[in-house]
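The values are calculated or read from the model by the stated rules, or taken from the named source; none is laboratory data. Fair warning: this is a prediction, and the values are worked out from it, not measured in the lab. Positions of Cβ are backbone-derived with ideal geometry, glycine not excepted, and every protein chain shown enters the neighbour counts. Surface areas here come from the heavy atoms of the whole protein model, side chains and all, with no ligands, DNA or RNA. Shrake-Rupley method; radii C 1.70, N 1.55, O 1.52, S 1.80 Å.
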Amino acid sequence: MFMNRFRGMFSNDLSIDLGTANTLIYARGRGIVLDEPSVVAIRQDRGPGGPKTIEAYGKHAKGMLGRTPQNITAIRPMRDGVIADFNVTEKMLQHFIRQVHESKILRPSPRVLICVPCGATQVERRAIRESAAGAGARKVYLIDEPMAAAVGADMPVDEPKGSMVLDIGGGTSEVAVISLNGIVYSASVRVGGDKFDEAITNYVRRNYGILIGEATSERIKHEIGTAYPGKDLLEIEVKGRNLSEGIPRSFSLNSNEILESLQEPLHGIVSAVKTALEQTPPELGADVAERGIVLTGGGALLRDLDRLIMEETGLPVVMAEDPLTCVARGGGRVLELIDKHGGDFLAVE
Amino acid sequence: MHSSDDQEETVINFGDALYKARKQQKFSIEEIAEQLKVPSQIISALEQSELSQLPSATYTRGYLRAYAKYLEIKDTDMLADYDRIVPHNVPLKPRSNLPNEKSSQSPLFKTVTFVLIILGVLALIYGGYQYYNKQSAQLKASSQALAEQHASEVSSVDNPKLTLLPQPLHESQNTPASTKEVESGSKMYSNQSAVDTIGSNSSTGTQHNKTPTIAVNNKIKATTKVVDKLKTRKPATLVSVLKQGVVKTDTIELLAKKGAWVKITDATGKRLHYGMISGKKWQAYSGKAPFNVSMGNARSTKIRINHLNADISSYIRPNNTAQFKLSTTKHNGQQIIRFQ
């Protein structure tokens, strides 16, 4: 107990956005200190029963995705916003927490605030809490992702006015209506950046008979992915394995094709927003209609996604600044607010 | 987040560029409002930089960006202008800067605590060292005190005089146990060993002490030496001396000028001597009477028991050997020799 407090003295308060695709860590007073893919490469020598060691974390491990020999597996321990592999997540968190602390003498024991999808079950929340505690956290706070996103986007969450936030992450998309520091309505759909990649992979396989990897489909999404038909037509040259010939082939894709491929996951998000608008109490709905919806999360960087939602809902859609780090920054601000107002603030668990 | 700073409003008009671009591209406010899904009064408020009409910074900045993007003009300047009027995204303060924050995260508090802890650890180490020193000193002192106590006890036993014999070490005490112990390993020459017996030595009477080599009066230093020597050589002796105090013992002395083979055992069955005796000096053995003596060349050998001359002539066999038991008893207040 005492030792924890002592170590805590030399640890920063951290806000962690433990995402499916990326993990971001915001340290109090220092800003975003870590932005790494949530990927871990595990080495297992001497056959299937052999000892497992961690080969790489983050960017390093992401480079290994789909390119590993038999004794190494690059895995993503988070799926759909929740923990899929408890032990690996714990190890990864531990590594990241150590990475952001300069002191190598004392094991860091920070207070940690972790953002969880609002659709996460009690079991999933507990898993996240315990894995953070296992990674050395002195105290673990959990907060709903849309709340952190709204705070991070600098939305007036404390006003008696409805604000709608749409956070599109790697595994889940969260939509919430917030008023007076509380969530009035929230919904989470398991559609996010991963689903976009998957849709692109499926589309290419179906229409071109060519198999592309996870990394390639992500690159396609980043470079020419679009959510709404725009003026310019973008093209990209990619390589994949031709299924019928079994030989790697090069081919080109354009943004309209990607738009077509993304229709299904995009529809999922749009319908979640529409449902949220339907479920919102009328007064708050009016506030939302007046000011609009704020987009956060890495998924919001998909070209013209704001335009799509704008057209579909008829409401103004505003992109938050630096949408990728909104959640982590919001978590940091919430930590500050917790210190000011106490732990019961902002529906923090 | 609304700023009601009228002066600033008139100075900086972030919406001017939007207005000019819209006029240039011949869009009406309604068209823009329709495209951006933003109410037309907000569009005009943006153009006229009327902060009171605009929502909070997050939304306004979003509108500005969307509007600029729609008109295909740069948004950086107008956003910078807007930020100058409406500061937002105030960087988070470190925890120590917060009001009512008694947090441990303050650098000063951290340093002070760290120094205190280091000092505490050092103090503990120093204290431990001091305690160890004290303990060892105490241990030393107590062992010294014990030795002195032993010495004083021994000196009380040997009071008033104590004899030190150089070789072999011999302390002739009036205790049978100690005497036995001392004698068990070494010969004792009667003319070398001499102790003034103390009054409590009851039955044996007085001993003749002929040539005391070194007599030391009860000086504690010397006694301590003796005790130390005894301790190193025969700790049991010391203890038995200390514990038993003064117990009676008998002495048998032999003088064989021409040499004689002698075997002496005392009442306890302990063999006092077994072998040749020769020389011009009396040889003394202490033990518990009666002594069982077997000897050769008996005619030329003289025996004394407790300083009384014993006449053994009647026990001498024709082959010049003798075997008898010898002791002393009190008879009419006088010590007499008794053969068995």
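Give me the residue from the range A:296-314 that is in a loop (DSSP other than H, G, I, E, B) and in contact (Cβ under 8 Å) with a residue 60 or more places away in the chain and, out of that set, surrounded by the fewest Cβ atoms within 10 Å (Cβ to Cβ).
At the first step, the residues of the range A:296-314 found to be in a loop (DSSP other than H, G, I, E, B) are A:297, A:302, A:304, A:314.
In the following step, the residues that additionally are in contact (Cβ under 8 Å) with a residue 60 or more places away in the chain were identified as A:297, A:302, A:304.
Working: A:GLY297: 29, A:LEU302: 23, A:ASP304: 17.
Looking at residues that are in a loop (DSSP other than H, G, I, E, B) and in contact (Cβ under 8 Å) with a residue 60 or more places away in the chain, I get A:ASP304.
Take the conditions loosely packed, with under 15 Cβ neighbours inside 10 Å and either more than 14 Å from every other protein chain (Cβ to nearest Cβ) or closer than 29 Å to A:THR201 by Cβ (or both) and apply them to A:SER255. Does it pass? Working first, answer last.
On the way: loosely packed, with under 15 Cβ neighbours inside 10 Å: no; either more than 14 Å from every other protein chain (Cβ to nearest Cβ) or closer than 29 Å to A:THR201 by Cβ (or both): yes.
No: the conditions fail for A:SER255.
Does the range A:113-121 contain any residue that is farther than 27 Å from A:SER179 by Cβ and either hydrophobic (A, V, I, L, M, F, W, C) or in contact with a Lys or Arg (Cβ under 6 Å, 6 or more places away or on another chain) (or both)? Walk me through how you get there before you give the answer.
Kept after step one, since they are farther than 27 Å from A:SER179 by Cβ, are these residues of the range A:113-121: none.
The answer is no; no qualifying residue exists.
Which of the residues that make up the range A:173-214 are open to solvent by 10 Å² or more (accessible area, probe 1.4 Å), small (Gly, Ala, Ser) and either touching a Cys at 6+ places or on another chain (Cβ under 8 Å) or modelled with pLDDT under 90 (or both)?
The answer is A:GLY182, A:SER186, A:ALA187, A:SER188.
Would you call A:GLU260 under 13 Å from A:TYR228 (Cα atoms), within 14 Å of chain B (Cβ to nearest Cβ) and not basic (Lys, Arg)?
Working: under 13 Å from A:TYR228 (Cα atoms): yes; within 14 Å of chain B (Cβ to nearest Cβ): no; not basic (Lys, Arg): yes.
When the stated conditions are applied, A:GLU260 does not pass them.
Residues of the range A:95-116 being open to solvent by less than 70 Å² (accessible area, probe 1.4 Å), modelled with pLDDT under 90 and more than 22 Å from A:ALA148 (Cα to Cα), which ones?
Selection gives A:HIS101, A:SER103, A:LEU106, A:PRO108, A:SER109.
Return a yes/no flag: does the range A:281-290 have any residue that is in a helix (DSSP H, G or I), closer than 30 Å to A:VAL33 by Cα and hydrophobic (A, V, I, L, M, F, W, C).
no
At pLDDT below 85 and either closer than 13 Å to B:ALA256 by Cβ or in contact with a strand residue (DSSP E or B) (Cβ under 8 Å, 6 or more places away or on another chain) (or both), is that true of B:LYS280? Even if it seems obvious, please write down each step before you answer.
Details: at pLDDT below 85: yes; either closer than 13 Å to B:ALA256 by Cβ or in contact with a strand residue (DSSP E or B) (Cβ under 8 Å, 6 or more places away or on another chain) (or both): yes.
For B:LYS280, the condition - at pLDDT below 85 and either closer than 13 Å to B:ALA256 by Cβ or in contact with a strand residue (DSSP E or B) (Cβ under 8 Å, 6 or more places away or on another chain) (or both) - is met.
Identify, from the list A:GLY49, A:GLY66, the residue that is at positive phi and more than 19 Å from the chain's Cα centre (by Cα).
Every option except A:GLY66 fails the conditions.
What about B:LYS263, is it at pLDDT 85 or above and open to solvent by 20 Å² or more (accessible area, probe 1.4 Å)?
yes
Going by the conditions given, is A:LYS161 touching a helix residue (DSSP H, G or I) at 6+ places or on another chain (Cβ under 6 Å), touching a residue at least 12 places away in the same chain (Cβ under 8 Å), within 14 Å of another protein chain (Cβ to nearest Cβ) and open to solvent by 40 Å² or more (accessible area, probe 1.4 Å)?
yes
So, of the residues in the range A:117-157 that are assigned to a loop (DSSP other than H, G, I, E, B) and of a type in the set (D, E, K, R), which turns out to be least open to solvent (accessible area, probe 1.4 Å)?
Residues of the range A:117-157 assigned to a loop (DSSP other than H, G, I, E, B): A:117-121, A:135-138, A:153-157.
Those left that are additionally of a type in the set (D, E, K, R): A:138, A:154.
Numbers: A:ARG138: 81, A:ASP154: 26 Å².
Only one residue tops the list, namely A:ASP154.
If a residue has to be outside any loop (DSSP other than H, G, I, E, B) and in contact with a strand residue (DSSP E or B) (Cβ under 9 Å, 6 or more places away or on another chain) to count, how many in the range A:52-86 make the cut?
The total comes to 20.
To keep it simple, each residue is scored yes or no on (1) without any contact (Cβ under 8 Å) to a residue 24 or more places away in the chain; (2) of a type in the set (Gly, Ala, Ser); (3) more than 30 Å from A:ILE212 (Cβ to Cβ).
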site	(1), (2), (3)
A:LYS62	no, no, no
A:ILE72	no, no, no
A:MET78	no, no, no
A:ASN87	yes, no, yes
A:MET147	no, no, yes
A:GLY152	no, yes, yes
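Taking only pairs six or more apart or across chains, which ones have beta-carbon atoms under 9 Å, a first residue in the range B:73-86 that is on the phi < 0 side of the Ramachandran plot, and a second residue that is open to solvent by 50 Å² or more (accessible area, probe 1.4 Å) and β-branched (Val, Ile, Thr)?
Taking only residues 6 or more apart or on different chains, the pairs are B:ILE85/B:VAL11.
Mind checking whether some residue in the range A:291-311 is within 14 Å of another protein chain (Cβ to nearest Cβ) and over 24 Å from the mean Cα position of the chain (by Cα)?
yes
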